[in-house]
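Remarks on the structure that follows.
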Amino acid sequence: MKPAPFEYHSPSSIEEILTLKSQYGDDAKFLAGGQSLVPAMNFRIVQPSVLIDLNRVSDLSFIREDGNVIRVGSMARERHLEFDASIEKRTPLLHEAVPSIAHPQIRNRGTIGGSIVNADPAAELPVLMIALNARLKAKNKSAERWLDAKDFFAGMFTTALESDEALVEIELPFAEPRTGWSFMEVAPRSGDYAMMGVATSVTLDENGKCKSAKLVYLNAGDGPVDAVEAAQSLVGEMLNDTLIESAALHASEKEITPFGNIHASAEFQRHLAKTLTMKTLKIAAERATKEN
Amino acid sequence: MTHTINLTVNGQKYTRTVEPRMLLSDFLRHELGLTGTHVGCEHGVCGACTIMFDGESARSCLTFAVQADGHEITTVEGLATDKDNLHPLQQSFWEAHGLQCGYCTPGILMTMIPFLKQNPNPTEDEIRHALSGNLCRCTGYQHIVDAVKLAAEKMR
Ligand SMILES: Cc1cc2nc3c(=O)[nH]c(=O)nc-3n(C[C@H](O)[C@H](O)[C@H](O)COP(=O)(O)OP(=O)(O)OC[C@H]3O[C@@H](n4cnc5c(N)ncnc54)[C@H](O)[C@@H]3O)c2cc1C
Ligand code: FES
Ligand code: FES
């Protein structure tokens, strides 16, 4: 298993990587952590003729607070997200979920941008971007634009990026006051891609009623699945077991479309989704009350 | 097109010319003759090829040698000065029977060195989580966990 030959560039500025990308277009691929791209190249599933390595572009690997958002460069490693104090404090849902991504050795290299652009329906970070209402900055040689995470994912391994664009920055709003969160997944083995997973977030108003909710699923369709109807059914209500169960039932039966795989039938995936939704909603509601 | 790279492996400096598609695992084994780094799956799953890249564990089968230019690599050959002076982690694997065929061992050692540095006093759960990215087909893992625990004691 050896990759097909390619031409290799490793410039050190954002300008240079974008100039190269506009020059080579679809023939070129960016190399971030390589933890998804290199296996695919080793199998020769993909054979880019040009690789533009982002690892020497130091301007892409920051994590910093700015007003009421955290700004993360696309080359920030998954391992850095895991141990970053701002992320732990400001976006605790992300902090809780990152250790579920692959194994420590993979997280040492894998990047937030690489995982988002890879857009694997079973991956955690795309789901988290939607759950956290992230905004993503795409840039080409001459212009840049911001996209809401929900408009970024365009199906299985597909995104809204144009062939001359790179993802350069991720903007994560701080969790609002009285927000509770929970991330859970079930995988055959710690670090494997999960059979089912959900990122859950609940924000309460001053009276303890649900002001807004998010339920976003992985491995539940051809991209991250945002169960907006189930989440909406909680809004304006005091969260109790009956309400939580009916939301979980709606999301798992009506809103997700799992395909089933060698580890789990679609039916079992729906069962997991229901159970995980109930568990995470209860934890999130409890944490939101404590955050009061 | 080839690229000239300068890198440090186990404290020794090397300059070599490589094709960009050469994997770091192949570079270590075929160009430098350091065959202690094993190759199992070449797609990141088995962990046999794990090395240290600037002190952190990483898959050498998912990195191109050209990317190691200017960086510091440590392989299993860098752990012991000679066969009578094993690294405490290696010594513990010997004493606690942490290996049978030994195919997975170099990758496990190179995963556990940075792990024990960051977690000098690990729980069994933490050890098992840290081992999740390394497959062993022989031992059933119990003796590996024991060996890591023993090493943690020796290294404290
Ligand atoms: C054994 C194993 C288990 C894994 N388990 C999981 C898991 O459980 N969950 C999970 O989510 N992931 C898992 N992964 C994948 C891992 O998280 C990857 O790190 C991640 O999906 C890709 O990130 P990367 O930085 O390595 O990107 P790369 O592999 O370098 O790139 C991925 C794709 O994104 C493109 N790209 C990268 N950066 C940019 C950018 N800034 N702009 C535009 N395009 C870009 C590349 O061209 C490529 O097409 C696993 C990987 C392995 C090997
Ligand atoms: S050979 Fe690299 S992980 Fe299996
Ligand atoms: S000792 Fe044989 S694979 Fe682990």
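Can you tell me which of (1) buried (at least 24 other Cβ atoms within 10 Å of the Cβ); (2) under 20 Å from A:Glu88 (Cα atoms) is the one A:Thr203 doesn't meet?
Unmet condition: (1).
For region A:38-53, indicate whether the set of residues that are among the aliphatic types (A, V, I, L, M) and touching a residue at least 60 places away in the same chain (Cβ under 8 Å) is non-empty.
Scanning region A:38-53 turns up no residue that is among the aliphatic types (A, V, I, L, M) and touching a residue at least 60 places away in the same chain (Cβ under 8 Å).
Considering only residues that are over 16 Å from the mean Cα position of the chain (by Cα) and not in a helix (DSSP H, G or I), which ones fall in region B:82-99?
B:Asp82, B:Lys83, B:Asp84, B:Asn85, B:Ala96, B:His97
For region B:57-102, what are the residues that are surrounded by fewer than 16 Cβ atoms within 10 Å (Cβ to Cβ), farther than 25 Å from B:Lys149 by Cβ and either among the hydrophobic types (A, V, I, L, M, F, W, C) or modelled with pLDDT under 95 (or both)?
Hit for region B:57-102 is B:Asp82, nothing else.
Condition first: more than 9 Å from every other protein chain (Cβ to nearest Cβ), away from ligand 3 (no atom under 16 Å from the Cβ) and aliphatic (A, V, I, L, M). Now tell me which residues in region B:15-61 satisfy that.
B:Val18, B:Leu24, B:Leu28, B:Leu32, B:Leu34, B:Ile51, B:Met52
Return the residue satisfying two criteria in turn: it lies in region A:39-69 and is within 20 Å of the chain's Cα centre (by Cα) and among the β-branched types (Val, Ile, Thr), and of such residues it is farthest from ligand 3 (Cβ to nearest atom).
Filtering region A:39-69 for residues that are within 20 Å of the chain's Cα centre (by Cα) and among the β-branched types (Val, Ile, Thr), the one farthest from ligand 3 (Cβ to nearest atom) comes out as A:Val69.
Would you point out which residue out of B:Leu7, B:Leu32, B:Leu24, B:Leu28 is under 11 Å from B:Thr75 (Cβ atoms) and touching a helix residue (DSSP H, G or I) at 6+ places or on another chain (Cβ under 6 Å)?
B:Leu24
Are there any pairs, at least 6 apart or on different chains, whose C-beta atoms fall under 7 Å, with the first in region A:128-149 and more than 13 Å from A:Leu161 (Cβ to Cβ) and the second among the acidic types (Asp, Glu) and in a strand (DSSP E or B), and if so, which?
A:Ile130/A:Asp226; A:Ala134/A:Glu171; A:Arg135/A:Asp148; A:Arg135/A:Glu171
In region A:217-246, what residues are more than 12 Å from A:Ala123 (Cα to Cα), in contact with an Asp or Glu (Cβ under 8 Å, 6 or more places away or on another chain) and buried (at least 16 other Cβ atoms within 10 Å of the Cβ)?
A:Ala227, A:Ala230, A:Leu243
Of the residues that sit in region B:138-148 and are in a helix (DSSP H, G or I) and free of Cβ contacts under 8 Å to residues at least 40 places away in the same chain, which one is surrounded by the most Cβ atoms within 10 Å (Cβ to Cβ)?
B:Val145
So A:His95 clears everything in (1) more than 14 Å from chain B (Cβ to nearest Cβ); (2) closer than 25 Å to B:Phe53 by Cβ; (3) free of Cβ contacts under 8 Å to residues at least 60 places away in the same chain; (4) more than 16 Å from the chain's Cα centre (by Cα) except one condition, right? Which one?
(4)
The values are calculated or read from the model by the stated rules, or taken from the named source; none is laboratory data. Here the structure is a predicted model, which means the values were calculated and not measured. Note that each Cβ is placed from the backbone with ideal geometry, even for glycine, and that neighbours are counted across all protein chains shown.
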